[in-house]
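For reference, the structure is listed below as structure tokens.
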Amino acid sequence: MVKIEENKSLKPLNTFGIDVKAAHFITISSLDQLEELFQTDVYRNEKHLILGGGSNVLFTNDFDGLIIKTALKGIEIINKTEETITIKVGAGESWHDVVMHCVQNNWGGIENLSLIPGTMGAAPIQNIGAYGVEIKNVIEEVAAIELANGAQKIFNNAECCFGYRESVFKSELREKYFISSVTLTLSTKRHQLNVSYGAINDTLKQMNITTPTIQSVSKAVVHIRESKLPDPRVHGNAGSFFKNPTITKNHFELLQKINPTIPSYATVNQEVKVPAGWLIEQCGWKGKKINNVGVHLQQALVLVNYGNGNGAEILALSEKICASVKEKFDITLTPEVNIIT
Ligand code: FAD
Ligand code: EPU
């Protein structure tokens, strides 16, 4: 019989450290357990939410339903060619542990994604990305179970409809599937290192590295991230709270006239991506603290719970930030974090 816990504290299970409870809670370590869960009254009668590492969610209330925590483990080699290796990874594996496993084995393609918190199963949901790399570049397929009927489905890369912090699992198929494993293809030779983004090159230079490797790029990324982003074990947070918005070229040129230093990244379709952290900083929010919550001092895109903050306080802060960015720049920010009501 599967063990469903009651009145479970979610405080240690979300990186914002929000102190809420779930009416019911279960940890799923095998597909047989999931099958069993589907037969229970709690599953049939209550709303449910799948939880990985809780590093991209904001709970705004106690969860009056069933939380299904993924703990499916395993990294299995399923194919090797002259220059690649294909691995199938259980949804409950820690993403950073997967990266470290690959880096240690000299398997290339995900070293720039070192130190992103969370689980393997959640990684495709928002197509995790950092330092010029997105996980979509290495995903072969995503195996999932349809929550409505228990049917297994394999999504190939194209069917996942990946975009910037987006996939079909975050849009049309949101909360419809339980992702059970993800299959990745990585390089074993002639690695395509990506060192052009942000501070990676400078950091490698500081480390006296002239010929970068998968291992040194991973170390540089870890170093940069540790210096910029707050450690959730110290100050609760969920990484970037908002996505970086995309605006039209005309809108950008207009803003550039008034703010000549506005940073930007070019995108396709003649649109321009603007760093939300810059917009928020220009509105005077960086380092601001309101009671228990605030905007991180080193990175204005990161909202922080300084200890006893609740989800409603974080949400209210995010709404105030949105309103001032809209007023000053006529840009609407969209949350990256999944807000759970
Ligand atoms: P959770 O927060 O548990 O869940 C996120 C969403 O996915 C929820 O909607 C949940 O219901 C759903 N979900 C989770 N697992 C499954 C599953 N198996 N099947 C179906 N649905 C599921 N993200 C980046 O892209 N780049 C970064 O650089 C980055 N840096 C971060 C830094 C910090 C300090 C923090 C705290 C977060 C950062 N993030 C970043 C965000 C976060 O780490 C990622 O979004 C991560 O993939 C979330 O994984 P998780 O297991 O914690 O997901
Ligand atoms: N900036 C400011 N002030 C700030 C923060 C940023 O002016 O307080 C400006 C600077 O011009 C800086 C630019 O914004 O050059 C970009 O900042 P940064 O390199 O820190 O990246 P980001 O756009 O804020 C994105 C991702 C991160 C990812 C990093 C590195 C999004 C929403 N966020 O942040 O992902 O780690 O790039 O690639 O795309 C996450 O998704 O949770 C996350 C942390």
> Taking the Cα centre of each part, how many Å lie between the stretch 271-329 and the stretch 167-210?
Replying inline: 26
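Report, in listed order, any pair from Lys11/Lys88; Lys136/Lys288; Lys80/Lys176; Lys189/Lys243; Lys69/Lys136 with a Cα-Cα distance greater than 28 Å.
Lys11/Lys88; Lys136/Lys288; Lys80/Lys176; Lys189/Lys243
Calculated FRET efficiency, Asn156 and Lys257, Cβ-Cβ r, R0 51 Å, to nearest 0.05?
Between Asn156 and Lys257 the formula returns 0.65.
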>> I need two numbers for the chain: Rg to one decimal and Dmax as a whole number, Cα atoms only, in Å.
In response: 20.6, 65
>> So for the stretch 1-122, considering every pair of alpha-carbon atoms, how many percent are separated by more than 23 Å?
In response: 40
> Which of the pairs Lys228/Lys289; Lys3/Lys47; Lys273/Lys326; Lys219/Lys273; Lys3/Lys73; Lys8/Lys289 have their Cα atoms more than 25 Å apart in this structure?
Replying inline: Lys219/Lys273; Lys8/Lys289
> Which residues in the stretch 267-291 have a backbone N closer than 16 Å to a point placed 7 Å from the Cα of Lys249 along the Cα-to-Cβ line?
Replying inline: 267-274
> What full-extension length gain, to one decimal in nm, is calculated for Thr332 and Lys73 as 0.36 nm per residue of separation minus the Cα-Cα distance?
Replying inline: 89.3 nm
>> Tell me the relative contact order for the stretch 75-227 as a rounded percent, counting alpha carbon contacts under 8 Å between residues six or more apart.
In response: 29
> Kirkwood hydrodynamic radius (Cα pairs, Å) of the stretch 1-64?
Replying inline: 12.5
> With every protein chain left in place, what is the accessible area of Lys11 in Å² (1.4 Å probe, nearest 10)?
Replying inline: 80
> If you wrap a convex hull around the Cα atoms of the stretch 75-227, how much volume per residue is inside, in Å³?
Replying inline: 106
> Can you give me the relative contact order of the chain as a percent, contacts being Cα pairs under 8 Å and 6 or more apart?
Replying inline: 17
> Under a GNM of the chain (C-alpha, springs under 10 Å), which listed residue has the highest mean-square fluctuation: Leu186, Leu303, Leu147?
Replying inline: Leu147
> Averaged per residue, what accessible area in Å² does the chain show with a 1.4 Å probe, protein chains only?
Replying inline: 48
> Where the centroid of each part is defined by its Cα atoms, how far is the stretch 52-104 from the stretch 12-44 in Å?
Replying inline: 16
> Once both labels are modelled 7 Å past Cα along the beta-carbon direction, what's the Gln298-Ala148 spacing in nm?
Replying inline: 4.6
>> Which of Phe329, Phe242, Phe63 ends up with the largest GNM mean-square fluctuation for the chain, with Cα atoms connected below 10 Å?
In response: Phe329
>> Please give me the summed charge of the neighbours of Gln298: other residues whose Cβ is under 15 Å from its Cβ, Lys and Arg +1, Asp and Glu -1.
In response: +2
> In the stretch 206-327, with Lys and Arg counted as +1 and Asp and Glu as -1 at Cβ, which of these residues, Gln299, Gly239, Thr210, has the Cα nearest the positive end of the dipole, that is, farthest along it?
Replying inline: Thr210
> GluC sites (Glu not before Pro), restricted to the stretch 70-118: which are DSSP loop and have at most 14 other Cβ atoms within 10 Å?
Replying inline: Glu82, Glu83
> For the stretch 139-148, in order, what is each residue's ³J(HN,Hα) by Karplus, 6.51 cos²θ - 1.76 cosθ + 1.60 with θ = phi - 60°, in whole Hz (x at glycine and Pro)?
Replying inline: 7, 8, 7, 10, 9, 9, 10, 6, 5, 6
> Leaving out ligands, DNA and RNA, what percent of the accessible area of the chain is carbon and sulfur, probe 1.4 Å?
Replying inline: 48
> Top mean-square fluctuation among Ile78, Ile280, Ile26, Gaussian network model of the chain, C-alpha springs under 10 Å?
Replying inline: Ile78
> Within straight cross-link reach of Lys257, meaning Cα distance under 15 Å, which aspartates and glutamates are found once same-chain residues fewer than 8 apart are removed?
Replying inline: Asp330
> Please state the relative contact order of the stretch 230-340 as a whole percent: Cα pairs under 8 Å, 6+ residues apart?
Replying inline: 31
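The values are calculated or read from the model by the stated rules, or taken from the named source; none is laboratory data. Just so it is clear, the structure is predicted and the values come from calculations on it, not from any experiment. We place every Cβ from the backbone using ideal geometry, glycine too, and count neighbours over all the protein chains shown. When the accessible area is computed, the model is the full protein with side chains, heavy atoms only, and any ligands, DNA or RNA have been set aside. Shrake-Rupley method; radii C 1.70, N 1.55, O 1.52, S 1.80 Å.
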